[in-house]
Amino acid sequence: MGKVEVPRDAWPAFMARAQAGDRQAYTQLLQTLVPVIRAIVRKQVDDEVLTEDVIQDVLLTLHRIRHTYDPASPFLPWLMAISQARAIDALRRRGRRDRREVVEDEATLNVPDNALALKTEMLDVGEELDGFLNQLPARQRQLVEHVHLQEMSLAEAAQANNLTVGAVKSLLHRALNNLRRYGAHHGQS
């Protein structure tokens, strides 16, 4: 069976069929959408490898949240919002990574005599942080890692953990209170 192009005005109907479990309609729709997503993403991302990564991220997001689409609403704005958000997320991640790489490169150019001691101290701090995080309940630890270490937004962390933003805030508050308590007890020993 060859690739079937789904006309733009049929996208809402195909998504409705996909939501109802029609795999063939879903496959045809996704195959049609890939070039559209690529065009949307390329307006924001100029790196071909990153563009392909974003396309995959958009497809995964579409799959994960396809149940939220209302077939009575226009499809293209919904698709564009998701595609643009994933592109911005990818650019932010790349920007943070690039800044960290520059800082690490600069740090290696100005290596102090006590670099080994400093590196060992940093590893000890990392191990201590891991020790504190491991004392947290699993869900609290995961949210701290997502929001504070991986720099996810509250909304992204909520979506990744199948929680509301309010629940994420509450769990983070509890986690940070627990970490403060662990730190206070650790400092006294």
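Against the numbered list (1) over 28 Å from Leu176 (Cα atoms); (2) at pLDDT 80 or above, Glu101 comes up short only at (2).
Yes/no matrix, rows are residues, columns are (1) at pLDDT below 85; (2) farther than 26 Å from His63 by Cβ; (3) under 15 Å from the mean Cα position of the chain (by Cα):
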site	(1), (2), (3)
Glu151	yes, no, yes
Gln159	no, no, yes
Gly166	no, no, no
Asn177	yes, yes, no
Ser189	yes, yes, no
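Quick one: is Ala20 in contact with a Pro (Cβ under 8 Å, 6 or more places away or on another chain) and either at negative phi or free of Cβ contacts under 8 Å to residues at least 12 places away in the same chain (or both)? Spelling it out, it is not the case that Ala20 is in contact with a Pro (Cβ under 8 Å, 6 or more places away or on another chain) and either at negative phi or free of Cβ contacts under 8 Å to residues at least 12 places away in the same chain (or both). Within segment 34-54, residues that are closer than 15 Å to Ile82 by Cα have Cβ atoms under 8 Å from residues that are hydroxyl-bearing (Ser, Thr, Tyr) and buried (at least 16 other Cβ atoms within 10 Å of the Cβ) in these pairs: Ile37/Ser83; Arg38/Thr51; Ile40/Ser83; Val41/Thr51; Val41/Ser83; Arg42/Thr51; Val45/Thr51; Val54/Ser83, counting only partners at least 6 apart in sequence or on another chain. Examine segment 2-10 for a residue that is farther than 23 Å from Ala158 by Cβ, touching a residue at least 12 places away in the same chain (Cβ under 8 Å) and either assigned by TED's automatic domain parsing to the domain that holds Met152 or surrounded by 17 or more Cβ atoms within 10 Å (Cβ to Cβ) (or both), and state whether such a residue exists. Checked segment 2-10: at least one residue is farther than 23 Å from Ala158 by Cβ, touching a residue at least 12 places away in the same chain (Cβ under 8 Å) and either assigned by TED's automatic domain parsing to the domain that holds Met152 or surrounded by 17 or more Cβ atoms within 10 Å (Cβ to Cβ) (or both).
Given the condition more than 19 Å from Arg94 (Cα to Cα) and part of a helix (DSSP H, G or I), answer yes or no: does some residue in segment 47-54 qualify? Scanning segment 47-54, I find no residue that is more than 19 Å from Arg94 (Cα to Cα) and part of a helix (DSSP H, G or I), so the answer is no.
The values are calculated or read from the model by the stated rules, or taken from the named source; none is laboratory data. Everything numeric here is computed off the predicted structure, so don't read it as measured data. We place every Cβ from the backbone using ideal geometry, glycine too, and count neighbours over all the protein chains shown.
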